[in-house]
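A short write-up of the structure that comes next.
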Amino acid sequence: QVQLVESGGGLVQPGGSLRLSCAASGFTLGYYNIGWFRQAPGKEREGVSGISRSAGSTRYADSVKGRFTISRDNAKNTVYLQMNSLKPEDTAVYSCAADPRPSGNYGGTWYRFRDYRYWGQGTQVTVSS
């Protein structure tokens, strides 16, 4: 059974940090590029970050550059999103997704929703004082 499960969300004050995890089961995460996406109420889903199969390429939305870091541990079948200096506008449901394509062109198309085959259900991140 193919599954992606996000964890690590919660309530945090502005300026705080959270680390999200994306754990895969039923498939080998190391064969997939992984993206993080988020959707806030009343807003469209947007790409947050992406990482290629072997972590040779990482990408970030301009709004999170310098604050968020994506990484992966293929031996643990898990991808992480370290979120620092959180802002209220980061409040959203964060989902991870797996893209089966070769990594050659991933860095230029990481934000394209239709390229991701598997999606998790998401974890809520709320940044509020």
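The values are calculated or read from the model by the stated rules, or taken from the named source; none is laboratory data. Computed from a predicted model, the values in this text were never measured in an experiment. Reconstructed Cβ throughout: ideal geometry from the backbone, glycine too, with neighbour counts over all protein chains shown. Quick note on the areas: whole protein, heavy atoms, side chains included, nothing else; ligands and nucleic acids left out. Shrake-Rupley method; radii C 1.70, N 1.55, O 1.52, S 1.80 Å.
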Not counting the cut sites, what is the longest span of the chain without trypsin sites (Lys or Arg not before Pro) that DSSP labels loop and that have at most 16 other Cβ atoms within 10 Å?
-> 68-111
Per residue accessible area of region 50-129, 1.4 Å probe, in Å² | 50
For region 40-52, take each phi angle, set θ = phi - 60°, evaluate the Karplus expression 6.51 cos²θ - 1.76 cosθ + 1.60, and give the result in whole Hz per residue in order, putting x for glycine and proline.
-> 9, x, x, 10, 6, 5, 9, x, 9, 7, x, 9, 6
Taking a label point 7 Å from the Cα of residue 111 along the Cα→Cβ vector, which residues of region 31-64 have an amide N closer than 17 Å to it?
-> 34-40, 43-52, 58-64
Of the accessible area of the chain, computed with a 1.4 Å probe and all protein chains kept, carbon and sulfur make up a percent value of 45
List the GluC sites (Glu not before Pro) within region 5-81 that fall in a DSSP loop (any state other than H, G, I, E or B) and whose Cβ has at most 10 other Cβ atoms within 10 Å.
-> 44
Give a residue-ordered list of calculated ³J(HN,Hα) values for region 104-112 (Karplus: 6.51 cos²θ - 1.76 cosθ + 1.60, θ = phi - 60°; whole Hz; x for Gly, Pro).
-> x, 10, 4, x, x, 9, 4, 7, 7
Toy charge model, Lys and Arg Cβ at +1, Asp and Glu Cβ at -1: the chain dipole around Cα centroid in debye, rounded to 20, equals 200
Counting only the heavy atoms of the protein chains, how much of residue 111 is accessible to a 1.4 Å probe, in Å² to the nearest 10?
-> 130
